[in-house]
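Working notes for the structure below.
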Amino acid sequence: MQHVIVGAGPAGVVAAETLRKGDRAADIVLIGDEPEPPYSRMAIPYVLEGMIEQSGTYLRKAQGHYEDLGIQYRQGRAEALAAADGTLTLEGGEAVSYDRLLIATGATPLSPPVPGLDLPGVHNCWTLADCREIAALLGDDANVVLIGAGFIGCIIMEALAKRCGTLSVVEMEDRMVSRMMDATAGGMLERWCAAKDIRVLTSARVTAIEAAKGAGGDKAVVLDSGERLDAHLVVLAVGVAPNIGFLEGSGIRTDHGVLVNEHLESSAAGVFAAGDVAQGLDFSTGEYSVHAIQPTATEHGRIAALNMLGRRAHYKGSLNMNVLATVGLVSSSFGSWEGVAGGDSGVAVDEDAFKYLRLEFEGDHLVGALGLGLTDHVGVIRGLIQNRTALAEWKEKLLENPHRVMEAYVAHSQT
Amino acid sequence: MQKSLHIDPDKCTGCLQCELACSHVNEGVFNPAKSRIKVFNFHDQGRMVPYTCTQCDEAWCMQACPVDAITLDAETGAKVVSDALCVGCKVCTIACPFGTVNYNASTGKVIKCDLCGGDPECAKACPTAAITYVDANWTGLDRMRQWAAKTDAGAQAEA
Ligand SMILES: Cc1cc2nc3c(=O)[nH]c(=O)nc-3n(C[C@H](O)[C@H](O)[C@H](O)COP(=O)(O)OP(=O)(O)OC[C@H]3O[C@@H](n4cnc5c(N)ncnc54)[C@H](O)[C@@H]3O)c2cc1C
Ligand code: SF4
Ligand code: SF4
């Protein structure tokens, strides 16, 4: 059996390892287009911060890990797929045939529609190559402008703030991390950043980046208000889109990403997809969504591989969830945190202590949550949601005091 | 034969010796807030329940870790965090559906039970044998594991 995996990020690597665990004899080829050992892009901020070396981002640390497992890791970029005859064409024309294929090509950062993105010192923060470029421009005198205060923007913010002179953040929406934070949490986050000397401009649009040599840098970020922010370095974090370009003409059904069923199989038999590139079942909504997060990538990778091995493994859907620290303030969000029609919410907020917890219920089930400043036992929120635990009398207790969520969990698991 | 922590809540008196022993040995402080085992007090029922990581088979924490900082101790079966490799991203804290990995803001790393390398301090400290370290196949953890199996955030593969 010839298993081919395109894309050597977390989804691809977990899939390759799962395949090996389940089949000692199969040929497993892992193809990646980045000039590095397989790594985790989500560890990049910690390289920028100086906490780890680039090698600290590598997905597996043991020397010879892939060879030892008989996983053939090789460089290459997939350019086209002929699903009908089971061939993948790489850049340069080489054809690779497969019995089972996993598409794990991840996503690519989007660009804001403004002129000046090609100026030197304007970078995404997505690959180790980007990381090296950004690191070279950071320093105590560097003025940095970050465009985008979404999930990834906020994570990068911490690393940039530690390694630059001034940091300004421009966000088009009316609050930070609008997709995982309500107005209360967003407001608290903004106050927190201001106290750390980070200037966050919300409801602000960048109209251009212009070359402009001066004391504050060699370019200026121009805003719709007319304000100009001088910068040595501009970092872009305005969202990502799945890497499905090479599937054009393959006949594989795509929407936002590669559409996959509960076995993570695409519309072409034998072709699977996992991670940031896959549009799979959403546990909360029952719809098909791209959840571009690490836990989904590794779960997808494992379950896709089980199905590639012929064990019909069912996936119950990924829970959209996030945890991040914005210059030290930890926030997390789970599932339907905005609540559902006819549901109830339990809220505890302490503005001064930067603590916030909002639980959302449907009947006596927890369906979503949002937290700020919480670090203990947060995982049970996931457990309660994905178990669809009937909370019975504990629901009332949680409406009264959401912070008892771990107790509610222990009470249910131990009786 | 691998062993695991066997917890019998009915024997727990809530003396918190386990939490103190754990935080002392692992974090160098007598501070229940830094303990990897936690005793929950259900006042209304007069019930105390010690609770910690079951070293579950799915090892959600280990699978989700982006930098290989959680590994399996082949001897004890524990999933162990390496402080040297952990970057403090907290992904494992939301991946574990049992809430048994916590972020420690003072070190910037996460902490979870590692069975103290095969000689758990909590079990030694417990004066009533509410926590014991015994052969894995007859522990009461089975009950919790069964419940855990329902969590099933992932797959239900045919055996
Ligand atoms: C700065 C940053 C911080 C993040 N922080 C978090 C976080 O805190 N929590 C969280 O859950 N997630 C976080 N993420 C997101 C997380 O990193 C991704 O969800 C995860 O990497 C997805 O894994 P993947 O394997 O699907 O894709 P990727 O990691 O993107 O891997 C895909 C690989 O495929 C390669 N590839 C693409 N096209 C081709 C082709 N045609 N041929 C061959 N190879 C190809 C790509 O170059 C890449 O190497 C962060 C991301 C970034 C950039
Ligand atoms: S911390 Fe949670 S996910 Fe990790 S082994 Fe323990 S119970 Fe399992
Ligand atoms: S917090 Fe540490 S152990 Fe947990 S997932 Fe991140 S790097 Fe791994």
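The values are calculated or read from the model by the stated rules, or taken from the named source; none is laboratory data. Small disclaimer: the values here were computed from a predicted structure and weren't measured. So basically every Cβ, Gly included, is an ideal-geometry build from the backbone, and we count neighbours across all protein chains shown. Please note that ligands, DNA and RNA were not included when accessible areas were found on the heavy atoms of the full protein model with its side chains. Shrake-Rupley method; radii C 1.70, N 1.55, O 1.52, S 1.80 Å.
Quick notes on this one:
- Residues of the stretch B:82-100 that are of a type outside the set (Ser, Thr, Tyr), away from ligand 1 (no atom under 16 Å from the Cβ) and surrounded by 22 or more Cβ atoms within 10 Å (Cβ to Cβ): B:Phe98, B:Gly99.
- Criterion applied to A:Lys316, A:Lys355 was being open to solvent by 30 Å² or more (accessible area, probe 1.4 Å), of a type outside the set (Asp, Glu) and facing another protein chain (nearest Cβ under 9 Å), and the one residue passing it is A:Lys316.
- Residue satisfying all of: in the stretch A:54-86; buried (at least 18 other Cβ atoms within 10 Å of the Cβ) and touching a residue at least 60 places away in the same chain (Cβ under 8 Å); farthest from A:Gln2 (Cα to Cα) among these: A:Thr57
- Residue in the stretch A:394-409 that is buried (at least 17 other Cβ atoms within 10 Å of the Cβ) and touching a residue at least 60 places away in the same chain (Cβ under 8 Å) present: no
- Residues that are within 12 Å of ligand 3 (Cβ to nearest atom), aliphatic (A, V, I, L, M) and either open to solvent by less than 20 Å² (accessible area, probe 1.4 Å) or over 25 Å from A:Val330 (Cβ atoms) (or both) within the stretch B:47-81 comprise B:Ala59, B:Ala64, B:Val67, B:Ala69, B:Ile70, listed in sequence order.
- Of all residues making up the stretch B:101-115, the number that are assigned to a loop (DSSP other than H, G, I, E, B), open to solvent by less than 20 Å² (accessible area, probe 1.4 Å) and within 12 Å of ligand 3 (Cβ to nearest atom): 3
- Selection over the stretch B:35-51 of residues that are in contact (Cβ under 8 Å) with a residue 24 or more places away in the chain and in contact with a strand residue (DSSP E or B) (Cβ under 7 Å, 6 or more places away or on another chain) gives a count of 8.
- For the condition of a type outside the set (A, V, I, L, M) and more than 12 Å from A:Ile103 (Cα to Cα), A:Glu265 does not qualify.
- Residues (more than 10 Å from chain B (Cβ to nearest Cβ) and in a helix (DSSP H, G or I)) located in the stretch A:372-392: none
- The residues of the stretch A:343-354 that are touching a helix residue (DSSP H, G or I) at 6+ places or on another chain (Cβ under 9 Å) and either at pLDDT below 95 or under 19 Å from A:Leu189 (Cβ atoms) (or both), listed by number, are A:Val347, A:Ala348, A:Val349, A:Glu351, A:Phe354.
- Condition met for A:Ala25 (assigned to a loop (DSSP other than H, G, I, E, B), at pLDDT 95 or above and more than 25 Å from A:Ala135 (Cα to Cα)): yes
- Residue selection: A:Phe361 fails the criterion of being open to solvent by 10 Å² or more (accessible area, probe 1.4 Å) and at pLDDT 95 or above.
- Subset of the stretch B:47-96 that is aliphatic (A, V, I, L, M) and at the interface with chain A (Cβ under 8 Å from one of its Cβ atoms) - its residue that is farthest from A:Gly50 (Cα to Cα): B:Val49
- Leading residue by the ranking (most open to solvent (accessible area, probe 1.4 Å)) among those in the stretch A:173-190 that are part of a loop (DSSP other than H, G, I, E, B) and more than 18 Å from A:Ser345 (Cβ to Cβ): A:Arg179
- Entry remark, the stretch B:38-84: residues being in a strand (DSSP E or B) and more than 15 Å from ligand 2 (Cβ to nearest atom) number 7 in total.
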